[in-house]
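*Asks:* One structure coming up, written as structure tokens, with questions to follow.
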Amino acid sequence: MTDKETEVQQDLTEQQEPQKNESRHLIFVAFILALLVFWGIQHPRAAHQIVLVLVGFGGIVMIHELGHFIVAKLGGIKIEAFSIGMPPVVLGIRKLKKGWRVRVLPKPGESVQIEEGDNDTEYQIGLFPIGGFVKMLGQSDTGAVDAVDDPRSYANRPIGVRIATVSAGVIFNAIGAIVIFIILFMNGIDLPSGVVGHVIHNSPAYDAGIRAGDEIIEVNGDYSVVEGQHRVDFEAVSLAPALSSPGEPVSYLVRHSDGTEEEINVIAETPAEDTSKLRYSGISQGKILTVDWRVEKDPNGMMELFDITGLRPRDEIKAVNDQSVQSWWEFEDVLSRTFQPEVTLRVSRQWPFDPENNQRTMETVKLPMWIAPTVENFRDEYDLTHFCSLVPRIRVEGIPASPKIAGLPKRIINGFRKKILRQQLDNRVDNDQMSLKAGDILIKIADVEYPNYKQLRDLTTSHDDKDMPITVLRKDAQGIEQKVELSVHPKMNRASDRVMIGFNPGLDIEHPIVAQTLPSLGTAGGVSAIPAGATILAIADKPVRDFFDIATAFQKNTGQTVRVDYQLDEKTGNVSVAVPEFEPVHAEASLAVAGIPFEELTV
């Protein structure tokens with residue numbers, strides 16, 4: 001090969017190398033974008049929230065950088081680049097003397113020839129929407145820059161211009177915030193209403209006499225005037241207790257549902273077992289009887305909502321078991337006193353949503369009900385659910401799914417735990433039959449038979465990082481209940497600061513079998529004579545099939561003394577039970593209250 005041929009070959013190689021690098025750069029950026037799009041499709045709700053955060057944060061940074069840009073231009077500083085988003089650069093545009101120059105995915109550090117008459121600034125769009133930047137000649141945020149003789153260099157401008165340029169970002173942020181708030185409040189903005197949606201039992205607000213449906217219209221004398229009436233948003237209602245000093249009363253002016261107004265002082269406290277040490281009054285904000293439309297943005301969440309409750313986004317609940325309900329707290333109250341496997345809802349439905357079509361149809365929905373093993377209590381954390389002192393057995397409602405690590409990653413993690421952390425590994429073989437399953441009924445934990453929820457928690461805590469024997473009743477393939485001996489290994493959950501087994505507890509409502517009685521509650525009669533494991537046969541001579549029937553029977557006989565018939569093995573017996581006039585059934589039902597995403601009540 002001659003010298004000339006060698007030189008030509010080198011020129012070709014030098015031309016091809018930048019093209020290869022540009023192709024690799026393009027492939028890399030396309031790969032990253034494809035991964036982000038794929039992840040967003042798989043996790044639409046999380047992706048939507050992340051995009052909102054990025055757009056919001058990016059907007060704040062852009063206003064900041066725009067301030068630098070404008071003042072630098074006015075001060076005669078040469079701007080080499082103004083970017084929306086951070087590198088790598090996706091698109092670059094510059095105004096030339098003879099037209100426009102557009103660069104798509106330029107290589108990092110690529111030099112650009114500028115002729116006289118061309119615009120000094122290239123306007124860029126970066127791949128990552130987390131802000132932006134202004135690149136000024138002779139200025140760097142990361143270190144010293146080469147000295148230049150150009151009088152338009154940042155370093156060569158008067159000190160007053162430089163101070164103004166640097167300060168402009170913060171000043172523009174402040175101006176931007178003022179302008180945004182003026183625009184928002186000139187057009188109106190929806191804020192959470194001061195109407196009380198729920199009051200926790202045994203909380204400071206409950207003891208002071210505040211109830212669901214009351215509207216708080218002043219907090220420590222502060223209020224806004226909306227359409228001629230005093231109003232506060234719920235943020236003020238919740239912040240006042242948190243910011244109060246220990247023992248300092250928070251003054252609420254409360255408008256009751258009958259229209260009367262009353263000033264109520266509440267001394268906020270820290271709830272039992274609360275690790276944040278913040279003080280609360282025990283009030284939660286109100287909602288409306290409309291299913292949140294934002295559920296539509298999560299197809300999986302929308303399908304789960306429909307499959308479990310039968311409801312769709314934007315459904316408006318009108319009645320429960322033919323009883324009209326006007327507010328969310330009224331709906332919650334009706335459900336808490338309705339002990340049935342399911343209730344019938346009448347809902348007004350607009351589906352699919354069409355802004356141009358306001359036609360709605362009335363639909364009937366069957367809503368399943370359940371009863372939690374505890375009732376919230378502000379100062380005691382919780383109370384045990386009971387039916388006139390009768391406590392059902394604990395049932396495993398579900399096992400949360402956890403990702404499984406197998407193969408090489410599992411060996412690496414186990415090796416790290418064993419050799420570095422010196423942890424003793426559990427070498428037992430995974431056996432599906434030796435694990436808790438949904439539907440299991442707990443009949444013994446350690447040495448406690450038919451434990452209630454409090455005993456379950458206490459036993460779990462005492463067996464931290466130790467094996468704990470559990471006996472359950474489990475249905476076999478033929479539906480016959482069999483006793484199964486298991487062993488679980490409770491572990492400390494750092495997120496909740498509690499020792500946990502890893503299952504969702506519920507109550508065995510389907511069978512009228514008593515796990516325990518709670519005579520300490522002061523219920524008159526012979527409740528304590530009913531043995532653990534006994535099946536309730538009848539109440540007031542009316543047969544019962546499950547705890548829903550038991551609850552209904554006690555509610556119908558409030559303030560009366562009734563006979564309760566029971567059976568254990570082959571022996572039968574009966575006792576007389578004095579049903580309390582108030583709260584004969586100490587339980588909070590329903591999947592609906594916790595499971596339906598209602599919209600917030602706003603003003």
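The values are calculated or read from the model by the stated rules, or taken from the named source; none is laboratory data. Since the model is a prediction, treat every value here as computed from it, not as a measurement. Virtual Cβ from ideal backbone geometry, glycine too; neighbours counted across all protein chains shown. Ligands, DNA and RNA are excluded from the accessible area calculation, which covers all protein heavy atoms including side chains. Shrake-Rupley method; radii C 1.70, N 1.55, O 1.52, S 1.80 Å.
*Asks:* Which is open to solvent by 50 Å² or more (accessible area, probe 1.4 Å) and among the hydrophobic types (A, V, I, L, M, F, W, C), of Ile200, Ile171, Ile216, Ile210?
*Replies:* That would be Ile171, the only listed residue that is open to solvent by 50 Å² or more (accessible area, probe 1.4 Å) and among the hydrophobic types (A, V, I, L, M, F, W, C).
*Asks:* Regarding Ile443, is this residue closer than 27 Å to Val375 by Cα, over 33 Å from the mean Cα position of the chain (by Cα) and aliphatic (A, V, I, L, M)?
*Replies:* yes
*Asks:* Follow-up question, since we're still on this one. Among the numbered criteria (1) at negative phi; (2) of a type in the set (A, V, I, L, M, F, W, C); (3) in contact (Cβ under 8 Å) with a residue 60 or more places away in the chain, which single criterion is violated by Ile159?
*Replies:* The failed condition is (3).
*Asks:* What are the pairs with Cβ atoms under 9 angstrom where one residue, in segment 28-42, is in contact (Cβ under 8 Å) with a residue 12 or more places away in the chain and the other, located anywhere, is open to solvent by 60 Å² or more (accessible area, probe 1.4 Å)? Sequence gap at least six, or different chains.
*Replies:* none
*Asks:* Given the criteria outside any helix (DSSP H, G or I), modelled with pLDDT of 90 or more, over 30 Å from Val232 (Cβ atoms) and touching a Leu at 6+ places or on another chain (Cβ under 6 Å), does Val347 qualify?
*Replies:* So Val347 does not fit the description; no.
*Asks:* Is at least one residue of segment 395-414 modelled with pLDDT of 65 or more, within 17 Å of Ile501 (Cα to Cα), β-branched (Val, Ile, Thr) and open to solvent by less than 40 Å² (accessible area, probe 1.4 Å)?
*Replies:* Within segment 395-414, one or more residues are modelled with pLDDT of 65 or more, within 17 Å of Ile501 (Cα to Cα), β-branched (Val, Ile, Thr) and open to solvent by less than 40 Å² (accessible area, probe 1.4 Å).
*Asks:* Among the candidates Arg231, Arg279, which residue alone is at pLDDT below 95, touching a Gly at 6+ places or on another chain (Cβ under 7 Å), over 30 Å from Ile60 (Cα atoms) and of a type in the set (Lys, Arg)?
*Replies:* Arg231
*Asks:* When you scan segment 542-565, how many residues do you find that are within 19 Å of Gly526 (Cα to Cα) and of a type in the set (Ser, Thr, Tyr)?
*Replies:* The number of residues fulfilling the criteria is 2.
*Asks:* Which of (1) within 30 Å of Asp380 (Cβ to Cβ); (2) open to solvent by less than 30 Å² (accessible area, probe 1.4 Å) is the odd one out, the single condition Pro246 does not satisfy?
*Replies:* Of everything listed in (1) within 30 Å of Asp380 (Cβ to Cβ); (2) open to solvent by less than 30 Å² (accessible area, probe 1.4 Å), Pro246 misses just condition (2).
*Asks:* Taking segment 77-87, which residues are open to solvent by 30 Å² or more (accessible area, probe 1.4 Å) and not aliphatic (A, V, I, L, M)?
*Replies:* Lys78, Glu80, Pro87
*Asks:* Taking the residues in segment 88-111 that are β-branched (Val, Ile, Thr) and open to solvent by 80 Å² or more (accessible area, probe 1.4 Å) as candidates, determine which candidate is modelled with the lowest pLDDT.
*Replies:* Among those residues, the one meeting the criterion is Val104.
*Asks:* Exactly one of these conditions fails for Asp565: (1) in contact (Cβ under 8 Å) with a residue 12 or more places away in the chain; (2) farther than 19 Å from Ser528 by Cα; (3) of a type in the set (Asp, Glu). Give me its number.
*Replies:* Among (1) in contact (Cβ under 8 Å) with a residue 12 or more places away in the chain; (2) farther than 19 Å from Ser528 by Cα; (3) of a type in the set (Asp, Glu), the lone unmet condition for Asp565 is (2).
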